[in-house]
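Notes follow once the structure below has been shown.
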Amino acid sequence: MRNARGVMTATLRSAQEPSPEQMRRFGEFLLRTYQREIPLTWEKDDSQREGFRLQAGSDVYDWSLKGRVRQFQDYLRQIPPGQDDILPLMQQAIDEWKPAVIPEEIGEVLTVDSEIATVSGLDHAQYGEILLFSSGVKGMVQDLRQGELSCILFGDSEEVAAGSMVRRTLKTAAMPAGDDYLGRVVDALGVPVDGRGRIQAESYRPIETPAPGILDRQPVNTPMETGLLAIDSMFPIGRGQRELIIGDRQTGKTAIALDTILNQKGKDVVCIYVAIGQKTSSIAQIVESLARRGAMEYTTVISAPAGASATLQYVAPYAGCALGEYFMYKGRDVLIVYDDLSKHAIAYRTLSLLLERSPGREAFPGDVFYLHSRLLERSAHLCDELGGGSMTALPIVETQAGDVSAYIPTNIISITDGQIFLEGDLFFSGQRPAVNVGLSVSRVGGDAQTKAMKSAAGAIRLDLAQYREMAVFTQFSSDLDEATQRQLAYGQSLMRLLRQPQYAPFSQHQQVCMLVAVLSHVMQDVPLEQLDSYRNSLLASVEEQAPDLCQRIDRTGQLTQEDREEIISLARKLLEDFQPAGKRGG
């Protein structure tokens, strides 16, 4: 406390008035602690019958029975989680614990507005620190000002009232982590929401930590295969990369992320799916789809649905990233999906405007770039000294009418290592995944492809670009020469081959076989309506007649000239059954 002149004062509260000798000892304690004389007064407080409370400035020394019990509870919480037999540890803690004169900063709630509480008296609180209110609700400091601070609330704001007490915990927000989280659905605080009981945490990781430095990383050169031919052949993703999935609403963004998760089955990759601002029914359908296909065994879903508070939607991606870091620093490979960061930015804007921060472009706060950069920069491929683990991020962003130049999309495009742009016109024309070849890019490129995939993919992007250009110029012409017709047929077979149903990812050898066949112009003689059937027959024929070839491609990632010729030979043999009658006879 401070008096009207701003001088620090101290107040002793107890049920019985202290003797002059006791007051002298309290004065000496204050002098030793603060290195100056502090005026001390006594106030009668009948609630302090078994102790006292000494408040000096914003520091509170609580020697009441309640204060010592709380101190003991905090001491017990230091017992490491995950112990099989905790009773001996508790007995040891009881034997070793001694109450200590520890100062606590106690503040007072000034105002409560929606999910924001303004607090005074916590002069030494830090940004991101967890505060504990007298009702048991927790908050996190988000704004520091002279003499007061504002924090976001994790619980029901109706349980926090003006005038109530709040104290510092000296801890930052942390996410519980452990192998038991695999296969579970939890909220942004790590609390299970799938009705399958509590989860035993092995450790806690701060939800906000600095990203690994340059010397702590190694190049991104190991494929993170999506199982989608259009992406793995032209826009390969590497382990440790950040690849943005961007497009309008209902164009298949989540479908790409889910197929990528399904494709990690059996590859020892931990998957984390963070759902931000989605309908609870949609999240339930995603969980059911993953569980039905055996993907929940290695996946954790963090749910912050549209009905959750803006605070939980804001914290969710950082909590998911902290869980991913737990596995990454254990040397494992992690795939994390943020679905989606557009809604995350909206939740942050809601909190920021309640915190009275100045809005920026399109009414967003000016620091929204830092909001996502400090999240996505934490994805990396760690050096061998740190275990060699990796965390690959697939952030999803929704555009309006295909506008990639809007504020949030341009921010995240500049942070990530490439983007997969999904086009609405392609999607509704039946081309799924609706990847726009011209606007999509992977800045890692061929470094994240195996030699087999790089060799098989060849110049597919160039061929598709030439086809699309030619298709535009020839759509108004009916008289085409034979060379142009064959070029159009080749482009159409390429586009048709890139169509892929959801929940059906291809393995590496299947993709290589299809690419070798189509880029050798074998498939252009197959009628488009029979191309899907031809593809399935080709894959079955290769796996039946050349199983060693398939295993070798998957195992070594190599494609020899003999392998290529064998695939082309099998494709040509199969062609007879799928050509029109006239060509077959000729």
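The values are calculated or read from the model by the stated rules, or taken from the named source; none is laboratory data. Computed from a prediction, not measured in an experiment: that's the story for all the values here. Virtual Cβ from ideal backbone geometry, glycine too; neighbours counted across all protein chains shown. With ligands, DNA and RNA removed, areas are computed over all heavy atoms of the protein, side chains included. Shrake-Rupley method; radii C 1.70, N 1.55, O 1.52, S 1.80 Å.
Quick look at the values:
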| quantity | calculated |
| --- | --- |
| Selection from segment 289-329 of residues that are open to solvent by 10 Å² or more (accessible area, probe 1.4 Å), charged (D, E, K, R) and closer than 17 Å to Val269 by Cα | Arg293, Glu297 |
| Selection count where residues are assigned to a loop (DSSP other than H, G, I, E, B), among the small types (Gly, Ala, Ser) and in contact (Cβ under 8 Å) with a residue 24 or more places away in the chain, scope segment 203-237 | 2 |
| Filter pass, Thr226 being under 22 Å from Pro409 (Cβ atoms) and open to solvent by less than 20 Å² (accessible area, probe 1.4 Å) | yes |
| Out of Thr399, Thr450, sole residue that is of a type in the set (S, T, N, Q) and more than 13 Å from Gly247 (Cβ to Cβ) | Thr450 |
| Within segment 444-492, considering residues that are in a helix (DSSP H, G or I), β-branched (Val, Ile, Thr) and touching a helix residue (DSSP H, G or I) at 6+ places or on another chain (Cβ under 8 Å), the one least open to solvent (accessible area, probe 1.4 Å) | Ile460 |
| Enumeration of residues in segment 366-404 that are open to solvent by 10 Å² or more (accessible area, probe 1.4 Å) and within 26 Å of Leu351 (Cα to Cα) | Gly366, Asp367, Phe369, Tyr370, Ser373, Arg374, Glu377, Glu398, Gln400, Asp403, Val404 |
| Pick from segment 103-136, criterion surrounded by 13 or more Cβ atoms within 10 Å (Cβ to Cβ) and among the acidic types (Asp, Glu), ranking: modelled with the lowest pLDDT | Glu104 |
| Lone unmet requirement of (1) within 29 Å of His509 (Cα to Cα); (2) in a helix (DSSP H, G or I); (3) open to solvent by less than 20 Å² (accessible area, probe 1.4 Å) for Pro409 | (1) |
| Residue satisfying all of: in segment 146-158; at pLDDT 90 or above and more than 30 Å from Ile261 (Cβ to Cβ); most open to solvent (accessible area, probe 1.4 Å) among these | Glu148 |
| Selected residue (criterion: surrounded by the fewest Cβ atoms within 10 Å (Cβ to Cβ)) from residues of segment 542-579 that are among the β-branched types (Val, Ile, Thr) and under 18 Å from Ser520 (Cβ atoms) | Thr560 |
| Considering residues of segment 208-224 that are at pLDDT 95 or above and among the charged types (D, E, K, R) only, the residue farthest from Ala457 (Cα to Cα) | Asp216 |
| Subset of segment 284-302 (residues that are part of a helix (DSSP H, G or I), in contact (Cβ under 8 Å) with a residue 24 or more places away in the chain and not hydrophobic (A, V, I, L, M, F, W, C)) | Ser289, Glu297, Tyr298 |
| Gln218 surrounded by 17 or more Cβ atoms within 10 Å (Cβ to Cβ) and not hydroxyl-bearing (Ser, Thr, Tyr) | yes |
| Number of positions in segment 423-443 that are assigned to a loop (DSSP other than H, G, I, E, B) and either over 30 Å from Gln400 (Cβ atoms) or in contact with a Pro (Cβ under 9 Å, 6 or more places away or on another chain) (or both) | 1 |
| Residue, farthest from Tyr204 (Cα to Cα), within segment 134-166, restricted to residues that are in contact with a Lys or Arg (Cβ under 9 Å, 6 or more places away or on another chain) and touching a residue at least 60 places away in the same chain (Cβ under 8 Å) | Asp143 |
| Qualifying position, being open to solvent by less than 50 Å² (accessible area, probe 1.4 Å) and either over 15 Å from the mean Cα position of the chain (by Cα) or within 14 Å of Gly320 (Cα to Cα) (or both), among Asp187, Asp179 | Asp187 |
| From the options Gly240, Gly331, Gly307, residue that is part of a loop (DSSP other than H, G, I, E, B) and under 18 Å from Gly190 (Cα atoms) | Gly307 |
| Failed condition for Tyr326, given (1) hydroxyl-bearing (Ser, Thr, Tyr); (2) out of contact with any Leu (no Cβ under 7 Å at 6 or more places or on another chain); (3) modelled with pLDDT of 95 or more; (4) not in a helix (DSSP H, G or I) | (4) |
| Index of the failed condition, Thr254 passing every other in (1) among the polar types (S, T, N, Q); (2) under 18 Å from Arg184 (Cβ atoms); (3) touching a residue at least 12 places away in the same chain (Cβ under 8 Å) | (2) |
| Where a residue in segment 337-365 is under 12 Å from Pro395 (Cβ atoms) and open to solvent by less than 60 Å² (accessible area, probe 1.4 Å) and its partner, wherever it lies, is small (Gly, Ala, Ser) and not in a strand (DSSP E or B), with Cβ under 7 Å and at least six apart | Val337/Ala257; Asp339/Ala257 |
| First in segment 546-557 and on the phi < 0 side of the Ramachandran plot and in contact (Cβ under 8 Å) with a residue 40 or more places away in the chain, second anywhere and surrounded by fewer than 19 Cβ atoms within 10 Å (Cβ to Cβ) and assigned to a helix (DSSP H, G or I), Cβ under 7 Å, 6 or more apart | Leu549/Glu566; Cys550/Glu543 |
| Residues of segment 199-251 that turn out to be of a type in the set (Asp, Glu) and in contact with a Gly (Cβ under 7 Å, 6 or more places away or on another chain), as a count | 4 |
| Any chance Gln250 is closer than 28 Å to Gly402 by Cβ, open to solvent by 20 Å² or more (accessible area, probe 1.4 Å), over 17 Å from the mean Cα position of the chain (by Cα) and at pLDDT 95 or above | no |
| Lone qualifier among Gly227, Gly238, Gly213 - being of a type outside the set (D, E, K, R) and at positive phi | Gly227 |
| Test: residue in segment 264-283 that is in a helix (DSSP H, G or I), more than 23 Å from Phe421 (Cβ to Cβ) and open to solvent by less than 20 Å² (accessible area, probe 1.4 Å) | yes |
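This table checks each residue for (1) β-branched (Val, Ile, Thr); (2) more than 37 Å from the chain's Cα centre (by Cα); (3) closer than 24 Å to Pro236 by Cα.
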residue: Thr484; (1), (2), (3): yes, yes, no
residue: Pro501; (1), (2), (3): no, no, yes
residue: Met514; (1), (2), (3): no, no, yes
residue: Val522; (1), (2), (3): yes, yes, no
residue: Glu529; (1), (2), (3): no, yes, no
residue: Ala540; (1), (2), (3): no, yes, no
residue: Arg572; (1), (2), (3): no, yes, no
residue: Leu575; (1), (2), (3): no, yes, no
